[in-house]
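*Asks:* The structure that follows is given in the form of structure tokens.
The values are calculated or read from the model by the stated rules, or taken from the named source; none is laboratory data. What you see is a predicted model, and the numbers here were worked out from it, not measured in a lab. Here the Cβ positions follow ideal geometry from the backbone for every residue, glycine too, while neighbour counts run over all protein chains shown. SASA here: full protein model, heavy atoms, side chains in, ligands and nucleic acids out. Shrake-Rupley method; radii C 1.70, N 1.55, O 1.52, S 1.80 Å.
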Amino acid sequence: MRGIALEGGGAKGSFHVGAINALKELGITYEVVAGTSIGAVNGAFIALDQIDQLEQIWLSSEAKDMMAGDPDVLRKIVNLDFRSDQSRIKQFISDTLKQGGIDITPFKAKLRIYIDEERLRNAPIGYGLVTVSITDLKPVEVFIENIPQGELHDYIIASANVPVFKDERIDHKRFIDGAFFDNLPINMLLAKGCDEVIAIRIGGFGITRRIKKADQSKVITIMPSEDLGKLLEIDPVRAAHNIKLGYYDTMRVMKKLHGTRYYIKNLIDEKRILQTFLDLNPETLEEAAKFLGLGRMNQRVLFETIIPLMADLLKVDKDRSYSELLLRYYEFLAEEAGIDRFEIMTYESLIKRVNTHYLSQMPVYISKQDEIVKRIIAALPGKSVLLFPQKLKNDLLIHVATILMRGLMDGGKAN
């Protein structure tokens, strides 16, 4: 039996939608889903097979659709903008404190409209959630068959009840967000009998309980490749980006794609990479050495100094292959060039796009080279290249790449 575990994390939860869309496209089925906080909310839609509806809600919702209050003030608070309209913000905070927290009545209303309790109880996909009873001082890990009739929506809301929201009570008991016990209910699914769990993380706050060593091989983890935004950043533009990210990051894991930022089908053979390095002519190596302030240059300095330095600047592990290092380099260059990352492509296609961009801009980079060299020389005394400001590191990486590309072009061996 396969289960889906959905991590809590507020507005970051739009990532779940893209991940589930990818699993569906790949034909990967599951028998049960369990979530904490926003994972519990999204999980209910997923168990009901209402993915399209869930996506539309994320793509059309703002803070005012989920929380009561002045829409403009809510937007400023969500964006942590406390410098403007301070009097209105102070009044909102004062009113919120008096009423015991942010009023999420709009969110509750939407939940009752879209989640049909009877349909969910009879759905072919099982459903569970995590919350914490403050009254009993104990966690509540519960599947729908053990939730009292008529109380499903209360339990979902309790699972997502972060401390800034108004108190949530069920049968006179107080509940808070399940993240305070387990923000990623993998163990709950394993205890249910799942022999495989796909855990979809979103980087939310809270406790993630340890998985027994014997069970770790049963878990496939999907992680976002970038930060998903603020906890309460309920914004259609952010949601659209996170949904797309969830789709591609899931494809990376399930299709075993390469890359850390881009989505690459293959790696180039190590021998070919090594030969490319060996094909660099002496003049190109001398130019690169001068640019980096390394003095005279030869193949040994290339492999013992320059390549390890590039790995450090790119934050690539020393035990990675040349092919992986070069891929990370091209990913960096692609990002700097503004090449769209949301596409599954071959290594060769990425290299071609990057080279085409930088070779077309070569006169610009050549004109900047003397300026960059001066900045590097000025920054070098008493300071490692690794301690340079990030902008200077990026300039260094880009200009070394253009030197090498130009050298390969001159030698007739550019990709």
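*Asks:* Being closer than 11 Å to Ser14 by Cα, of a type in the set (A, V, I, L, M, F, W, C) and surrounded by 20 or more Cβ atoms within 10 Å (Cβ to Cβ): is that true of Ile234 here? Outline the logic, then answer.
*Replies:* On the way: closer than 11 Å to Ser14 by Cα: yes; of a type in the set (A, V, I, L, M, F, W, C): yes; surrounded by 20 or more Cβ atoms within 10 Å (Cβ to Cβ): yes.
For Ile234, the condition - closer than 11 Å to Ser14 by Cα, of a type in the set (A, V, I, L, M, F, W, C) and surrounded by 20 or more Cβ atoms within 10 Å (Cβ to Cβ) - is met.
*Asks:* Also, I was wondering about something else. Answer with yes or no whether Asp249 is surrounded by fewer than 19 Cβ atoms within 10 Å (Cβ to Cβ) and assigned to a helix (DSSP H, G or I).
*Replies:* On the way: surrounded by fewer than 19 Cβ atoms within 10 Å (Cβ to Cβ): no; assigned to a helix (DSSP H, G or I): yes.
It is false that Asp249 is surrounded by fewer than 19 Cβ atoms within 10 Å (Cβ to Cβ) and assigned to a helix (DSSP H, G or I).
*Asks:* Sticking with this one: Could you go through region 256-265 and let me know if any residue there is under 30 Å from Glu62 (Cα atoms) and buried (at least 19 other Cβ atoms within 10 Å of the Cβ).
*Replies:* Yes: region 256-265 contains one or more residues that are under 30 Å from Glu62 (Cα atoms) and buried (at least 19 other Cβ atoms within 10 Å of the Cβ).
*Asks:* Moving on to the next point. Inside region 153-220, counting only strands (runs of 3 or more DSSP E) that do not spill past its ends, which hold 3 or more residues that are within 22 Å of the chain's Cα centre (by Cα) and surrounded by 17 or more Cβ atoms within 10 Å (Cβ to Cβ)?
*Replies:* 196-200
*Asks:* Here's another thing I want to ask about it. Within region 327-370, can you find the residues that are in contact (Cβ under 8 Å) with a residue 40 or more places away in the chain, of a type in the set (Ser, Thr, Tyr) and open to solvent by 30 Å² or more (accessible area, probe 1.4 Å)?
*Replies:* Result: Thr346, single match.
*Asks:* Can you tell me which residue within region 371-415, out of those that are of a type in the set (D, E, K, R), open to solvent by 70 Å² or more (accessible area, probe 1.4 Å) and touching a helix residue (DSSP H, G or I) at 6+ places or on another chain (Cβ under 8 Å), is modelled with the lowest pLDDT? Don't jump to the end; show me each part of the working.
*Replies:* Let us first name the residues in region 371-415 that are of a type in the set (D, E, K, R), namely 371, 374-375, 383, 391, 393, 395, 406, 410, 413.
Still in the list and also open to solvent by 70 Å² or more (accessible area, probe 1.4 Å): 371, 374-375, 383, 391, 410, 413.
In the following step, the residues that additionally are touching a helix residue (DSSP H, G or I) at 6+ places or on another chain (Cβ under 8 Å) were identified as 375, 410, 413.
Working: Arg375: 74, Asp410: 53, Lys413: 44.
Of everything passing the filter in region 371-415, Lys413 is modelled with the lowest pLDDT.
*Asks:* Residues in region 91-100: is at least one among the acidic types (Asp, Glu), open to solvent by 40 Å² or more (accessible area, probe 1.4 Å), at pLDDT below 65 and in contact with a helix residue (DSSP H, G or I) (Cβ under 7 Å, 6 or more places away or on another chain)?
*Replies:* no
*Asks:* Right, something else. Hand me the list of helices (runs of 4 or more DSSP H) wholly inside region 1-84 holding 1 or more residues that are modelled with pLDDT under 95 and open to solvent by 40 Å² or more (accessible area, probe 1.4 Å).
*Replies:* Details: elements: 14-25, 38-47, 51-60, 63-66, 71-78.
Filter on region 1-84 gives 51-60, 63-66, 71-78.
*Asks:* I've got another one for you. From the list Lys271, Lys256, exactly one residue is of a type in the set (Lys, Arg) and either under 24 Å from Asp65 (Cβ atoms) or part of a loop (DSSP other than H, G, I, E, B) (or both). Which is it? Step through it out loud before you land on a result.
*Replies:* Details: Lys271 fails: either under 24 Å from Asp65 (Cβ atoms) or part of a loop (DSSP other than H, G, I, E, B) (or both).
It is Lys256.
*Asks:* Quick check on my filter: what residues within region 114-129 are part of a helix (DSSP H, G or I) and under 13 Å from Gln50 (Cα atoms)? Steps first, please.
*Replies:* The first filter runs over region 114-129 and keeps only residues part of a helix (DSSP H, G or I), leaving 114, 117-121.
Tyr114, Arg119, Leu120 - these are the residues of region 114-129 that are part of a helix (DSSP H, G or I) and under 13 Å from Gln50 (Cα atoms).
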